[in-house]
Structure formats: structure tokens, C-alpha cells
């Protein structure tokens, strides 16, 4: 079995891409309330500061800052995935997922990137907000319902018509 090495920084800020097992599915937006409940329960148990998040039909992106002394983002994603999978029910799955009693909704792993500085932070937050435009789901980021951009616009931290191109780079898609 492969051993993945992840950089763990106590109280660090991270960018994540979490994909469904079946690309092209719309399970996440079709079951948005289920995902929101799974997220809320998990974050109540294991708090984070969610700096940015966007839910697309078959994947999501998030920028989280963990509490001081905490670097266990994997446990949070494990619980969110398990809770949402349980609520959605079994999907078509491989024999290996069946043998491991996985429901088949999510890819086993996720993409993680440790945020290095303020410019890196801004690029990843902007990537979250611009992602629905990049995928052709809307013309303006504010038009995508399942994005933290609404929180920022409502708090007047950004203009409601904010629109920048998706930053270039590797974001786990």
C-alpha cells in the first residue's frame, strides 16, 4: 500500500480539493443539505475557520485554518465523507471498495496544499470563488449558489460583482 506523506502544520492553513468517485455526477449539489449537515456536525466536533469553500456537482474546494495545536484535517474529511456517504446511500462501487465496506461516493483520498503566505492564500481563495466560472456553470462567481463568496460579499469584504480569472496552477483537479 502506498504511504502518502502530508505536511502537517499545527494551526496551519490548507487548501483542499475533494472529489467524488464518479466524475460528472451531480450528487453534491443534488444532496447539498446532506453535505451541509455532515459538514456542520463534523465542524462542531472539530472546529476550523473556513476561509473559503465552493461545492460543485462532483467536487469541492475549501481553504481551512485549523486551531492552534491541531493539524488533523484528515479526520475532519474522513467524518464529512463518512456522514455524507451514509446519508446518500451506496453508489456503484468497485470490488475493493465493497470489500473495505466503503459506499463508493467519494474518492479515497483528497488533494491538500499547505498555504505558504498571503499571496498563496489569496490565490487559493480566488480559485475557490472562480471555479464555477472555470467549469462553465455560471458567468459570474456570485451567480453560483454554493460558494462562500456570498458571505464575503454580504460582509462587504469584496464587491458583489467580483470577477477574476481562475489563478493558474495545480489545484488538484
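Derivation of every value follows stated rules applied to the coordinates shown; laboratory data play no part. Model, not experiment: these values are computed from the prediction. Here the Cβ positions follow ideal geometry from the backbone for every residue, glycine too, while neighbour counts run over all protein chains shown.
One table, with the values for the structure above:
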read-out	value
Segment 13-116 - percent relative contact order, Cα under 8 Å, separation 6 or more	41
Part-to-part distance (alpha-carbon centres) for segment 52-71 and segment 146-173, which is given in Å	14
Shape of segment 13-116, Cα gyration tensor, a/c cut at 1.5	prolate
Theoretical gain in end-to-end length, residue 29 to residue 168 [0.36 nm per residue, Cα-Cα removed]	47.5 nm
Residue of 77, 111, 144 that the Gaussian network model of the chain assigns the largest fluctuation, springs spanning Cα pairs under 10 Å	111
Helix-only mean residue ellipticity at 222 nm for the chain, each DSSP H run of n ≥ 4 adding -39500 (n - 2.57), per residue, nearest 500	-10500 deg cm²/dmol
Cα long-axis angle, helix 118-134 against the chain (0 to 90 degrees, to the nearest 10)	80
Folded to 0 to 90 degrees: helix 73-88 orientation relative to the chain principal axis, Cα	70
Using alpha-carbon coordinates, inclination of helix 32-45 to the longest axis of the chain, degrees	90
Max mean-square fluctuation residue, GNM over the chain, Cα-Cα springs under 10 Å, options 157, 78, 140	157
For 151, 76, order by how many other beta-carbon atoms lie within 10 Å, fewest first	151, 76
